[in-house]
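*Asks:* Encoded as structure tokens, here's the structure I'll be asking about.
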Amino acid sequence: MKTIIKGMALLFTVVMIGCGGKNEEKKEEGFSVQRKKAPTEKPVETNTISNIKASERVDMTTIGVGPIKSVELGPDIDQAMVANGKQVYDQMCLACHRIGKKFIGPPPNGILERRTPEWVMNMILNPQEMVQQDPLAKELLQEFNGSPMSNQGLTEDQARAILEYFRTLK
């Protein structure tokens, strides 16, 4: 029995010494792990020229990237289109956009005072290409913590109805 215990102790010692030597080799070969503490909060990036957040900046010159090249907004708001647009908005957009407050995405109220109708519709219809190619959409993606807008597969008529609904939001 003493021989078995001495043998096990010897085996344990050999294993421990052997493992210790391998750890030293690993450290010397560059296998050690050094962890850096991640920043707890990502700063909101702003336009370096004006220091205005992308969501607050006015850009009434660009139309964005997508199928919409021109939109004519009449002087009167089409109430039937507004009702349809509100229904589509409530069903497809409300999960990420809240009227009057920042949520996952920017609030839609006042958007037509800051963006062209074409840009808004292209963002609704073509969000992936917009965040890849449109500078303002890229900045919005950064400002809203890298949460990309989902392509909801809406038609141009549905996007136009949402745009008409946005005209009623102040």
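*Asks:* Considering every residue within region 76-92, establish whether at least one is in a loop (DSSP other than H, G, I, E, B), modelled with pLDDT under 95 and surrounded by fewer than 17 Cβ atoms within 10 Å (Cβ to Cβ).
*Replies:* Scanning region 76-92 turns up no residue that is in a loop (DSSP other than H, G, I, E, B), modelled with pLDDT under 95 and surrounded by fewer than 17 Cβ atoms within 10 Å (Cβ to Cβ).
*Asks:* Got a sec? Which of VAL120, VAL131 is part of a helix (DSSP H, G or I) and farther than 19 Å from VAL71 by Cβ?
*Replies:* Step by step, each of VAL120, VAL131 is checked, and only VAL131 is part of a helix (DSSP H, G or I) and farther than 19 Å from VAL71 by Cβ.
*Asks:* Restricting attention to region 101-138, which residues are under 14 Å from ALA54 (Cβ atoms), surrounded by fewer than 19 Cβ atoms within 10 Å (Cβ to Cβ) and of a type in the set (D, E, K, R)?
*Replies:* Passing the criteria: LYS102, ARG114, LYS138.
*Asks:* Could you grab me the full set of residues in region 149-168 that are buried (at least 16 other Cβ atoms within 10 Å of the Cβ), closer than 18 Å to LEU73 by Cβ and not aromatic (Phe, Trp, Tyr)?
*Replies:* Within region 149-168, GLN158, ALA159, ARG160, ALA161, ILE162, LEU163, GLU164, ARG167 meet the criteria.
*Asks:* If you go through region 104-117 one residue at a time, how many are part of a helix (DSSP H, G or I) and either closer than 13 Å to ILE68 by Cβ or without any contact (Cβ under 8 Å) to a residue 24 or more places away in the chain (or both)?
*Replies:* 1
*Asks:* What are the pairs, 6+ residues apart or on separate chains, where a residue within region 56-85 that is farther than 18 Å from THR116 by Cβ has its Cβ under 6 Å from a residue that is open to solvent by less than 60 Å² (accessible area, probe 1.4 Å)?
*Replies:* That search, which allows pairs on different chains as well, returns ASP78/GLU164; MET81/ALA161; MET81/GLU164; VAL82/GLU164; VAL82/TYR165; VAL82/THR168; ASN84/ALA161.
The values are calculated or read from the model by the stated rules, or taken from the named source; none is laboratory data. Since the model is a prediction, treat every value here as computed from it, not as a measurement. All Cβ positions, glycine included, derive from the backbone under ideal geometry; neighbour counts span all protein chains shown. Side chains included, ligands, DNA and RNA excluded: accessible areas come from the protein's heavy atoms. Shrake-Rupley method; radii C 1.70, N 1.55, O 1.52, S 1.80 Å.
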